[in-house]
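S.K.: My structure is below; once you've seen it, I'll send some questions.
The values are calculated or read from the model by the stated rules, or taken from the named source; none is laboratory data. Fair warning: this is a prediction, and the values are worked out from it, not measured in the lab. When we count neighbours, we look across all protein chains shown, and the Cβ atoms used for this are built from the backbone with ideal geometry, even at glycine. Keep in mind that these areas ignore ligands, DNA and RNA; they rest on the heavy atoms of the full protein, side chains included. Shrake-Rupley method; radii C 1.70, N 1.55, O 1.52, S 1.80 Å.
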Amino acid sequence: MSTRTVALVSAALLLTACGGGGQIGDTGGPGDAKKMVLIPGVAAEPFYISMECGFREAASAAGYAVDVQAPAKFDATQQTPIVTGVLADKPGAVLIAPTDDKAMAGPMRQLKDAGIKVVEVDTKLEDTSIASSTISSDNEQGGRLAARTLAELVGGKAGSVLVLNTKAGTSTTDARAAGFEEEIGKHPNLRYVGQQYTDNEPDQAASKVTATLSANPDLIGVFATNLNTGEGAATGLRNAGRTGAVNLVGFDASPKQVEDLRGGAVQALIAQDPTTIGRTGVEQAIAALEGEPVRRDVETDLVALTKADLEANSKYFYKQRC
Ligand code: T6T
């Protein structure tokens, strides 16, 4: 094989590797400053799909070519090779939801060192020197809001309360659990039995709920810190025949979670605004690329939804497609 053939084959392999998560119609080539890439935490999940909708709309309107590449699992070992592939493509900016607040620092620093603007959307690194901007909900406040909402639902009755987290090192859900723990301590009728990790797997969330019920038959409340834990917790309570008897407060507003709230399997949801996170991420990336002032931290809306006010708040429901 000649040197030229080897180079062409390598380039073809690189393009294949980079294009895995993109959609038909994605444009832009290697070293394209007018291209933006979104790297969500996981593929085919309504929170990130809604974020992608805001991202695509804003970036396309501003004349940028777009690409979206997501790992099949919320996992740093799967997200890292995607970052490495994007690095070789050298777009102008990368919007990324790091799946681990430490493990993703190395790969993301490589982007920055290559002159690519990095914007964190939703999750963030502990190291604040890499991203130009971070767009996210106030997750600690979201955890406090979940605790207050749960306390209101319980209405003075006594019992145990469980938190279902995803994976240690997920900045958002760790902050939600911390905010919840702090606030729930203000309610002496509620005994906090601690948090359990689920690896962001609904099946694990379901089995951890049923196991906690066996150990603590007085369980009166569960706070599920994100979409998968919430969907799994609802299944666990259903399997144990405790739907409604145990108050379930979830985070996020996927079509299934909204359906569960409507049907009584969930008592409240703390919804975020992922479409605005995606759109604002693009705005901050453009500011960084054009040398305009960049806002280091941008906070987006959070709202508590109950069955009573659900339909009036449909703008907060997450999308399955744009
Ligand atoms: O809750 C969102 C997101 O904010 C979090 O960082 C990870 O989980 C979700 O994507 C929902 O699954």
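S.K.: Using only the heavy atoms of the protein chains and a 1.4 Å probe, how would Leu87, Leu310 rank by accessible area, largest first?
M.R.: I get Leu87, Leu310, largest accessible area first.
S.K.: Could you pull out every whole DSSP H run in the chain that spans at least 15 Å of Cα extent along its own axis and averages 0.5 or higher on the Kyte-Doolittle scale?
M.R.: Span-like helices in the chain: 3-18.
S.K.: Continuing with the same structure: Summing -39500 (n - 2.57) over the DSSP H runs of n ≥ 4 in the chain and dividing by its residue number, what mean residue ellipticity at 222 nm do you reach, to the nearest 500 deg cm²/dmol?
M.R.: -13500 deg cm²/dmol
S.K.: Summing +1 for each Lys or Arg and -1 for each Asp or Glu, what net charge is found among the other residues whose Cβ lies under 12 Å from the Cβ of Val118?
M.R.: Local net charge: +1.
S.K.: Hey, can you find the accessible area per residue of the chain for me, probe 1.4 Å, expressed in square angstrom?
M.R.: That works out to 41 Å² for each residue.
S.K.: Now, a different point. Calculate the dipole size of the chain relative to its Cα centre from +1 charges on Lys and Arg beta carbons and -1 charges on Asp and Glu beta carbons; express the result in debye to the nearest 20.
M.R.: 340
S.K.: Where does the charge balance sit around Ser133 when Lys and Arg score +1, Asp and Glu -1, over other residues with C-beta under 11 Å from its C-beta?
M.R.: +1
S.K.: Quick one: pull the percent of accessible area on the chain belonging to carbon and sulfur, 1.4 Å probe, ligands and nucleic acids left out.
M.R.: It is 53 percent, rounded to a whole number.
S.K.: Which of the pairs Lys117/Lys256; Lys186/Lys319; Lys35/Lys315; Lys73/Lys256; Lys35/Lys167; Lys73/Lys117 have their Cα atoms more than 27 Å apart in this structure?
M.R.: Cα-Cα > 27 Å for Lys117/Lys256; Lys186/Lys319; Lys35/Lys315; Lys35/Lys167; rest within.
S.K.: Among 155-162, 295-302, 261-268, how do they line up by average Cβ neighbours within 10 Å per residue, starting with the highest?
M.R.: Going by the mean number of other Cβ atoms within 10 Å, highest first, we get 261-268, 155-162, 295-302.
S.K.: Per-residue accessible area for Lys186 at 1.4 Å probe radius, Å² rounded to 10?
M.R.: We get 120 Å² for Lys186.
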